[in-house]
Amino acid sequence: MTKVIRVDQIQAYSEQKVQVRGWVYNRTHKGKLVFLLVRDGYGFVQCVAFKNDLTEERFDQLARIAQESSVIIEGIVRADGRAPGVPGGYEIGITDFEIVQNADEAYPMALKEHGVDFALDNRHLWLRMPSQWAILRVRSTVIAAIREWLDDNGFLHMDTPILTPSAAEGTTTLFGTPYFDEGMVYLAQTGQLYNEANIYAFNRVYCFGPTFRAEKSKTRRHLTEFWMVEPEAAFCDLDELMEIEEQFVSHIVKRVIEKCRPELESLGRDIAQLEKITPPFPRISYDEAAERLRKIYEETSDPEEKELLKFEWGMDFGSPHETALTQQYEKPVFVYGYPTAVKAFYMEPWPGRPEVCKSVDLLAPEGYGEIIGGSERISDPDLLLSRIREHGLPEEAYQWYIDLRRFGSVPHSGFGLGVERTVTWITGIRHIRETVAFPRTINRVYP
């Protein structure tokens, strides 16, 4: 019986007869030859039919087969450095085949340029394109690497609620829904507050799941539904948190290079840039970052760019500011000590500087900006209560959160890493919506 293989295993079967099951991505007919580029979900391989090897009727079937027809191909694997595909370098000389279904000729995603709106309207089919296939395989590897590092470094996975009774970071960016006759509940912005309870039982934990932001933002960095991993650690200060983050991110990048090099190459990613991602990462204070932005602003002559780079101490960074900062580095850079006013209520104040908090963002290089936001958390119950009041949050809803500081409080820290932003950076693509199978953005929930 002919061995059924996956395309990503093909180099192990040179000169052997194999069977591949998949779909026709492209077809080229050149006289006595038909070239099929077949994808099977694991890769793309060129399959070549010679007219003399098949009956005229069978050869004609392949010469007319429609894009996206499902097929079973049998043939001999041959090494050929010119053969296209992912991983490439091998082709299959067809000896037999079965057409499982000859697809409709009116396939919407024909091999030509399509506008972004058209592609998004046909997302269910756009997923089959090589770029989307490669990006989403990288995404899967990123998620596996996240779990691997955390599981191997003493973090316990804990599930946190998707429906929450109150906001973690403010009430203006929440999706609310009635909860029977008990009032409103909200789709979670974060699982962090629950994980702060979990650390007192398990020391180091993480939650991993969908999170939601009801922000009417149409930038290339925003989604309304995205996936975030949130580690939280007891007996952990800001410096140790940054050490955890740089080890964590370096591991993720290393695993993607190891497991997804063909996918990265197919996307045209400069892998040499990713190979530079090793600890330690540079660290600068918000004060220093503000000064650098002031100098960049002064040295910029383009009026439009200058307008985007306007910045004063006390502002949060926008995308242009993050891009300007990260272009100065080949590795991700930590920016720590943000103004208290632009960060969440639960962040520990900087000693002697109450206007600054023990917060840190990790900005990816090459202009990709923030991929991680984190902080050391307030551990004093009285200070936490005063911050809740300052932010106008309902004390009763947060009483349990204050209790954590009343019974065995310790310094503790945590962060959130956005999967989609991380994949955007690692793959070198421009828009975050390409990093998820069915992106949720403002005004778009199809399909």
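Connecting C-alpha atoms closer than 10 Å in a GNM of the chain, tell me which of F118, F35, F345 has the biggest fluctuation. Among F118, F35, F345, the largest GNM mean-square fluctuation belongs to F118. Spin-label model, H29/E265: points 7 Å from Cα along the beta carbon direction are separated by 3.3 nm. For I378, nonlocal amide neighbours, meaning residues 5 or more places apart or on other chains whose placed amide H falls under 5 Å from its own, are M347, E348. Answer rounded, prolate or oblate for region 271-375, using the Cα gyration tensor with square roots of eigenvalues a ≥ b ≥ c: rounded when a/c is under 1.5, else prolate when a/b is larger than b/c, else oblate. Since a/c reaches 1.5 but b/c is at least a/b, the shape of region 271-375 is classed as oblate. Remark on T441: its backbone amide H falls under 5 Å from those of T224, a criterion applied only to residues 5 or more positions apart or on other chains, H modelled at 1.01 Å from N.
Using Cα-Cα distances under 8 Å and only pairs 6 or more residues apart, what relative contact order does region 275-395 have, in percent? Mind showing how you got there, number by number?
Working: 195 pairs, mean separation 27.8, N = 121.
With pairs under 8 Å counted, the relative contact order is 23 percent.
Straight-line reach from K32: taking Cα to Cα under 12 Å and skipping same-chain neighbours fewer than 8 places apart, the aspartates and glutamates in range are D53, E56, D60. Label positions at M129 and R406, each projected 7 Å from the Cα along the C-beta direction, are separated by 5.6 nm. Close amide H pairs (under 5 Å, H built 1.01 Å from N) link H157 with Y206, residues at least 5 positions away or on another chain. Apply 1/(1 + (r/R0)^6) to the Cβ-Cβ distance of N52 and V100, taking R0 = 25 Å, and write down the FRET efficiency to the nearest 0.05. The formula returns an efficiency of 0.50 here.
Seen through its C-alpha gyration tensor, with square-root eigenvalues sorted a ≥ b ≥ c, region 224-272 comes out prolate because a/c lies at 1.5 or above while a/b is bigger than b/c. Hey, got a sec? Which GluC sites (Glu not before Pro) in region 210-318 land in a DSSP loop and have at most 11 other Cβ atoms within 10 Å? Taking region 210-318 and a limit of 11 other Cβ atoms within 10 Å, the loop GluC sites (Glu not before Pro) found are E275, E312. Share of the chain's accessible area from carbon and sulfur, percent, 1.4 Å? Reported share for carbon and sulfur atoms: 49 percent. The mean sequence separation of alpha-carbon pairs under 8 Å and at least six residues apart, normalised by the residue count of region 131-228, gives a relative contact order of 26 percent. Name the shape class, rounded, prolate or oblate, that the alpha-carbon gyration tensor gives for the chain, where a ≥ b ≥ c are the square roots of its eigenvalues, rounded holds for a/c under 1.5, and otherwise prolate holds if a/b is larger than b/c and oblate otherwise. Prolate shape, in that a/c is at least 1.5 and a/b is the bigger ratio.
Straight-line cross-link reach from K295 at under 17 Å between alpha-carbon atoms covers these lysines, not counting any fewer than eight positions away in the same chain: K306, K310. Of the listed pairs K30/K51; K254/K331; K112/K218, which have alpha-carbon separations greater than 19 Å here? Result: K112/K218 exceed 19 Å.
Of the chymotrypsin sites (Phe, Trp or Tyr not before Pro) in region 276-326, the ones in a loop by DSSP (not H, G, I, E or B) with at most 13 other beta carbons within 10 Å are W313. Spin-label model, L308/E148: points 7 Å from Cα along the beta carbon direction are separated by 3.6 nm.
If the segment from K112 to H431 were pulled out straight at 0.36 nm per residue, it would be longer than the present Cα-Cα gap by 112.9 nm.
Solvent-accessible area per residue in region 110-249 equals 47 Å², computed with a 1.4 angstrom probe and all protein chains kept.
The values are calculated or read from the model by the stated rules, or taken from the named source; none is laboratory data. The shown structure was predicted, so the numbers you read here are calculated from the model rather than taken from an experiment. Virtual Cβ from ideal backbone geometry, glycine too; neighbours counted across all protein chains shown. For accessibility, only protein heavy atoms count, side chains too; no ligands or nucleic acids. Shrake-Rupley method; radii C 1.70, N 1.55, O 1.52, S 1.80 Å.
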